[in-house]
Structures are given as structure tokens and as C-alpha cells.
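Report on the structure given below.
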Amino acid sequence: MSAFGQQILDFLRSLITWLPGLALGVILHEYAHGLIAYRMGDPTAKNYGRLTLNPKAHIDLFGSILLPLLLLLLNSGIIFGYAKPVPINPGYFKNYRKGMRYTSLAGPVANLILAVAAGLIYGIFFYLVIRISGGVMDNGSIGSNTFIIVNQLFTNTIYINIFLAIFNFIPIPPLDGSKILASFLPDNAMHRFLSFGRYGFFFIFIFLFLLGRSFFAIISPVFSFLYNLCTWWQYLL
């Protein structure tokens, strides 16, 4: 096979093993925001038809499709994306601070729940294939390639959703962590802090640019702990 052909195969494999977990993660993230907001008294997401798991309601052309594809094509080493933000009107909240806090917390928690669920399904799959059927076949066989792809699919789903959760917990407006932090601040400080959200993505870009690889070194202990938590069953095999 030519080098170009191998590159195409590698790209397709990355596409198959990264995008499902990312797409499901960003959809559940936004759905969870809308669901908790509705439970806290805000019907905005429901009124706009966003209180659904239908991908059409959440997928953003750039953030959910083009950006991940670009990162894959550039072989960036990291896959990231986002869905269309669910509309929230805090004015409806029965308790403004609790509503903002729990609504913001819902997105990252949904990603962590998905990571744990993927880990459990991965554990069952791993157990059935390795312990019962001896499923790893000779290198290059269909069975072996299928196992590798499924293995990468589960691993990447856990990876990307833990990353999404940690990233969104960063207390920089408009990320979820900033709203959770703001809910504990005095009124004036809270509104002043959240007002920086209009420049948020600029601050996030600077933050990531300045830290670079150091960002991954900083989150590595937390990431490793959560990843090991999601794949706890490995220590029982």
C-alpha cells in the first residue's frame, strides 16, 4: 500500500474512533444543560426545541464537524469540538444562584457519566472478547482489526469526555466553571466576572497559547485519576 493510501486509512480510522464519542459527548453536554435548566424553572431550551437528543438540534457546522475534522487532518494530537449552546434564561430560575450553578454543572457531569458508562461497556466487551472467546486474532486479520478499532473507539470516547469535562470546569467565562464559581460570589462581583464572557474565547485562546503543553501536564493527575476510575475493571482482570 502506498504512503498516501496508508494516510487515508489512518484518517478514516481516526474518524471512526474519535467522532462518535465526541459527537455524543457534546450533544449530551448541551442536553444536560437544558434539562437541568428546565428542572430549575427555565423553559427556554424546551421552547426552542433544544430539549432533545436529536443531533440536528445541537450539531454546529464548525464546532461539531469542521473543527474536529481539521484537527484530525492536522494530526494535532488532540480532538476537540462543541455543539450549539443551549439557550438559557436565568431570569426564570426559581433560585438564581442555584439555577446557574446546577445548570452549569450539568454539562461536565454529563460528560463524566458518559465516560463512566463507556468504561463499563468497554469492560464488558473486553471481558467477553479476551476472557471468553480469546478474541485477539493474528495480526492483520479481520477479527484483530475489528477488536483494535472497537478498543480505540471506547478508549477515545472515555478520553474525549473526560477532557471535555475538565476543560469546561476551567473558571474562564463563558466556560461552565466560571458560572459555577460566579454563583458563589457577591452580586456585584458575580455580574462583573460574568461580563467578561463576551471576550471569553479570546481569553481561552491566550490561556491555552501561553500554557501550551503545560496545560496537559497540569491536568494530567486529575485526568489520569478519572481515566483509571472509568476503567477500574482492568485491575480485576
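Every read-out reported here was derived from the displayed coordinates using simple, explicitly stated rules and does not represent laboratory data. Keep in mind that what you see is a predicted model, and the values were worked out from it rather than measured. Please note: Cβ atoms are built from the backbone with ideal geometry, for glycine as well, and neighbour counts cover all protein chains shown.
At-a-glance table
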{"item": "Positions within the stretch 163-188 being among the small types (Gly, Ala, Ser) and farther than 19 Å from residue 88 by Cα, in sequence order", "result": "165"}
{"item": "Looking only at the stretch 65-118, and only at residues there that are among the polar types (S, T, N, Q) and over 18 Å from residue 174 (Cα atoms), the one that is surrounded by the most Cβ atoms within 10 Å (Cβ to Cβ)", "result": "95"}
